[in-house]
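The values are calculated or read from the model by the stated rules, or taken from the named source; none is laboratory data. This structure is a prediction, so every number in the text was calculated from the model and none was measured. Quick reminder, even Gly has a Cβ in these numbers, built from the backbone with ideal geometry, and neighbours come from all protein chains shown. Heads up: the accessible areas ignore ligands, DNA and RNA and are worked out on the full protein's heavy atoms, side chains in. Shrake-Rupley method; radii C 1.70, N 1.55, O 1.52, S 1.80 Å.
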Amino acid sequence: MGARAPARSKIQASLERQLWKQGANIECFQDLIYDYMKLYDVKNLLQKDIKTRGVSYKTMGAGGYEVEKQNQSVKDLVAVNKQMLLILEKLRLTTDSVENDDDEEL
C-alpha cells in the first residue's frame with residue numbers, strides 16, 4: 001500500500017500557518033487558500049475518476065460501435081495541478097520559503 005495523503009483540514013491549516021508566519025494572513029490571501037482547497041477537492045475527484053475508468057475507456061460511438069476514448073480527467077488533472085502550483089507560487093509558498101512548525105513532528 002502507498003502512503004496516505006494528509007487530511008484536507010491539515011493541508012488547509014498548514015497553508016494558513018505559512019501565511020501567518022509570513023505576516024500575510026489577510027482576507028485576499030485567505031481567499032486564495034479557499035480556492036486552492038476547492039481545487040484540491042476537484043483534484044481528488046479527477047484522481048478517483050481516473051482510478052475508476054482508467055486513462056482511457058470504452059464507450060458506444062455515434063455509429064453504434066464500441067470506441068475507445070481518452071479520459072478527459074487526465075488532461076483536467078494536469079490543468080488543476082498546474083493551477084494549484086500557481087496559487088502556491090503567488091502566495092510565495094515554496095519549498096524555499098516554508099518554515100517548520102515547532103510544535104509538530106515532520
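Condition first: surrounded by 14 or more Cβ atoms within 10 Å (Cβ to Cβ), at pLDDT 90 or above and β-branched (V, I, T). Can you find one or more residues in segment 51-63 that meet it? Checked segment 51-63: no residue is surrounded by 14 or more Cβ atoms within 10 Å (Cβ to Cβ), at pLDDT 90 or above and β-branched (V, I, T).
Restricting Q47, Q70 to residues that are modelled with pLDDT of 90 or more, in contact with a Phe, Trp or Tyr (Cβ under 9 Å, 6 or more places away or on another chain) and not aliphatic (A, V, I, L, M) narrows the list to Q70.
If I ask for residues that are in a loop (DSSP other than H, G, I, E, B) and either among the polar types (S, T, N, Q) or closer than 12 Å to I87 by Cβ (or both), which ones from segment 19-37 would you list? Give the derivation first.
Of the residues in segment 19-37, the ones in a loop (DSSP other than H, G, I, E, B) are 23-26.
Hit for segment 19-37 is N25, nothing else.
Has segment 14-36 got at least one residue that is open to solvent by 60 Å² or more (accessible area, probe 1.4 Å), hydroxyl-bearing (S, T, Y) and out of contact with any strand residue (DSSP E or B) (no Cβ under 7 Å at 6 or more places or on another chain)? Checking segment 14-36: at least one residue is open to solvent by 60 Å² or more (accessible area, probe 1.4 Å), hydroxyl-bearing (S, T, Y) and out of contact with any strand residue (DSSP E or B) (no Cβ under 7 Å at 6 or more places or on another chain).
For Y40, state whether it is farther than 13 Å from L77 by Cβ and assigned to a helix (DSSP H, G or I). Full working, then the answer.
Working: farther than 13 Å from L77 by Cβ: no; assigned to a helix (DSSP H, G or I): yes.
Considered against the rule, which asks whether it is farther than 13 Å from L77 by Cβ and assigned to a helix (DSSP H, G or I), Y40 comes out as no.
Would you be able to say whether some residue in segment 76-93 is modelled with pLDDT of 95 or more, assigned to a loop (DSSP other than H, G, I, E, B), touching a helix residue (DSSP H, G or I) at 6+ places or on another chain (Cβ under 9 Å) and open to solvent by less than 60 Å² (accessible area, probe 1.4 Å)? Within segment 76-93 (the criterion being modelled with pLDDT of 95 or more, assigned to a loop (DSSP other than H, G, I, E, B), touching a helix residue (DSSP H, G or I) at 6+ places or on another chain (Cβ under 9 Å) and open to solvent by less than 60 Å² (accessible area, probe 1.4 Å)), the answer is no, since none of the residues qualifies.
When L45 is tested against the conditions (1) part of a helix (DSSP H, G or I); (2) closer than 15 Å to K90 by Cα, the lone failure is (2). Contact map, segment 39-67: first residue free of Cβ contacts under 8 Å to residues at least 60 places away in the same chain, second residue part of a loop (DSSP other than H, G, I, E, B) and polar (S, T, N, Q), Cβ cut-off under 8 Å, separation 6 or more or different chains; pairs are D49/N71; I50/N71; R53/N71; G54/N71; V55/N71; S56/N71; Y57/N71.
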